[in-house]
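The values are calculated or read from the model by the stated rules, or taken from the named source; none is laboratory data. This is a predicted model, so every value here is computed, not measured. FYI the Cβ positions are ideal-geometry reconstructions off the backbone, even for glycines, and counts take in every protein chain you see.
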Amino acid sequence: MLEEGKDSELSLDELKAELSLLRKQVKELEQDKDDLETLLEMTTEHSDTVEEELHGKAEAAVRESERRLRMIIEATPVAVVVTELSSSIIVFANAIAGPLAVGSSSEQIVGQKMTNFYVNPAERAALVTLLGKEGQVDHHEVEFIRKDGLKFWVDISMRYVEFDEKPCILAAWNDISHLKALNKAASRFVPQEYLSFLNKDSLTDIHLGDHVTDEMTVMFSDLRSFTTISENMTPQQNFDFVNAYLGRVSPMVRKNGGFIVKYLGDGIMAIFPGDADSGVQAGIDKLNQANIYNAERVEQNRLPIEVGIGVNTGHMMVGMVGEAGRMQGDAFSDDVNLTSRVEGLTKYYGISFIITAATKNALVDCSKYNIRFLDKVRVKGKQNTLTLYEVYDADLPQARALKKASHRCYELAMKHFYAQEFSQAQLILLDVLKENPKDKVAWRHLMKVTECIENGVNENWTGITIMTSK
């Protein structure tokens, strides 16, 4: 080839030689072009073959995956169905799912909507929404209904799957109806509120010694007139009577956020972990229920019942006691023991409901209730003095109105009494009893005031009532 910087004039032989070289190079380029075209054609043909081969393998893999999925579903020892994501129509169900859903073969539920088997179809929509958010649903309890109307509870889990080349939902469930029934039966012995209080999910999580220590309100109540009423009853009538009473008053504990630790024959021991107001309101509600029950008994010519309630607030331990083979709930502390004594004092004073100063001081607003000072007491075996109050919200309307009308005069009489101004206290108490001669507390204080006037008091007198028996 010609090179720059050299003479452009060449001889004829040199030109021929240069032309021959160029022709050779053109032939080589043409051959290279033919080779490239052949290679490109071969590559394209091979690519199409590979693509077809890969597509075929993919389809075979999908078919094999679905075959294996069907086999796994059939072999699964729980009910499993596959539903279309968009329509919720069942496209596949294993042999167990059919009998659980319709009481017949699985073929009968294929083609139906899964929502048809929910007692509340909205629960299905909620589960699908949860599945979309979290990618899975595990162990949710829902209620199903069969075509024959039988309802049953299931524990259901859900996942997304591809089935027949469509987005679907795989749902698997266990029938837990028997377990629900057992738990419901067990809750009558250990209430769910008690489990929650101990931070336990189920009875199987409870162990001997599990407990909670905190400031709580405790209530003791007792059917004071039981012996008189039951003495002419048969054993069956006694049980029917006690259960009729407990069936009316016990729900008032749950209604006010408490739970019954245990029954004491015809008595009840209950705990209110929240606040003192819950315990006081529960006591009022229980007595109101007793009033309704008494109205029914009077209509049937039966004796009315009398109920005593004591409520106290303080630190206590509540938990499980007993031994490995037999345990029950209980509460321990000096405050618990005092509450039992306080309940017993309702009989002494002839009233229905006593609370301690600790409970009164713990109330959010004690002016919401009808509360009056009762007495300063030292119970047997204790050195500390208890200041007690009567709650008379549940007294019958006439008695409640009379106590409310004389409330200020009564409180003034008690101030004179503790100031050792006994004559003034006596005069005021006489006025109170003139208006309300059935006020048993006023009568008891009048007797104490009169005794002090007649016998005098020593220099160490405190006015505290000393209880010589439990």
Legend entry - Among residues of segment 377-427, those that are among the small types (Gly, Ala, Ser) and in contact with a Phe, Trp or Tyr (Cβ under 8 Å, 6 or more places away or on another chain), counted: 3
Legend entry - Filtered residues of segment 406-421 (kept if of a type in the set (A, V, I, L, M) and surrounded by 13 or more Cβ atoms within 10 Å (Cβ to Cβ)): 412, 413, 414
Inset, instruction - Would you mention how many residues in segment 298-335 are more than 25 Å from residue 203 (Cα to Cα) and aliphatic (A, V, I, L, M)? - result: 6
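So that you can scan it fast, the table gives a plain yes or no per residue for (1) part of a helix (DSSP H, G or I); (2) surrounded by fewer than 17 Cβ atoms within 10 Å (Cβ to Cβ); (3) out of contact with any Ser or Thr (no Cβ under 9 Å at 6 or more places or on another chain); (4) assigned by TED's automatic domain parsing to the domain that holds residue 376:
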{"position": "424", "(1), (2), (3), (4)": "yes, yes, yes, no"}
{"position": "428", "(1), (2), (3), (4)": "yes, no, yes, no"}
{"position": "431", "(1), (2), (3), (4)": "yes, yes, no, no"}
{"position": "438", "(1), (2), (3), (4)": "no, yes, yes, no"}
{"position": "442", "(1), (2), (3), (4)": "yes, no, no, no"}
{"position": "445", "(1), (2), (3), (4)": "yes, no, yes, no"}
{"position": "449", "(1), (2), (3), (4)": "yes, no, no, no"}
{"position": "453", "(1), (2), (3), (4)": "yes, yes, no, no"}
{"position": "457", "(1), (2), (3), (4)": "no, yes, yes, no"}
Inset, instruction - Would you check which residues across segment 203-231 are of a type outside the set (A, V, I, L, M), surrounded by 12 or more Cβ atoms within 10 Å (Cβ to Cβ) and part of a loop (DSSP other than H, G, I, E, B) and list them? - result: 207, 210, 224, 225
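Out of the residues in segment 374-405 that are aliphatic (A, V, I, L, M) and in contact with a strand residue (DSSP E or B) (Cβ under 9 Å, 6 or more places away or on another chain), state the one that is nearest to residue 433 (Cα to Cα).
Start the filter on segment 374-405 by keeping residues that are aliphatic (A, V, I, L, M), which leaves 374, 377, 379, 386, 388, 391, 394, 396, 399, 401-402, 405.
This time we only want the ones that are in contact with a strand residue (DSSP E or B) (Cβ under 9 Å, 6 or more places away or on another chain), so: 374, 377, 379, 386, 388, 391, 394.
Working: 374: 16, 377: 23, 379: 27, 386: 26, 388: 21, 391: 19, 394: 20 Å.
Going through the qualifying residues, I end up with 374.
What about residue 335, is it modelled with pLDDT of 95 or more, surrounded by 19 or more Cβ atoms within 10 Å (Cβ to Cβ), in contact with a Ser or Thr (Cβ under 9 Å, 6 or more places away or on another chain) and not in a loop (DSSP other than H, G, I, E, B)?
No.
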Legend entry - Residue in segment 380-387 that is surrounded by fewer than 20 Cβ atoms within 10 Å (Cβ to Cβ) and modelled with pLDDT of 95 or more present: yes
Legend entry - Conditions (1) loosely packed, with under 14 Cβ neighbours inside 10 Å; (2) without any contact (Cβ under 8 Å) to a residue 12 or more places away in the chain; (3) assigned by TED's automatic domain parsing to the domain that holds residue 324: number failed by residue 184: (3)
Legend entry - Count of segment 131-149 residues which are surrounded by 13 or more Cβ atoms within 10 Å (Cβ to Cβ) and not aromatic (Phe, Trp, Tyr): 9
Inset, instruction - From 154, 161, 110, grab the single residue that is within 21 Å of residue 177 (Cα to Cα) and not in a helix (DSSP H, G or I). - result: 154
Inset, instruction - Name the one entry in 228, 213 that is of a type in the set (Val, Ile, Thr) and more than 28 Å from the chain's Cα centre (by Cα). - result: 228
Legend entry - Lone unmet requirement of (1) crowded, with 20+ Cβ neighbours inside 10 Å; (2) of a type in the set (Val, Ile, Thr); (3) part of a strand (DSSP E or B) for residue 321: (1)
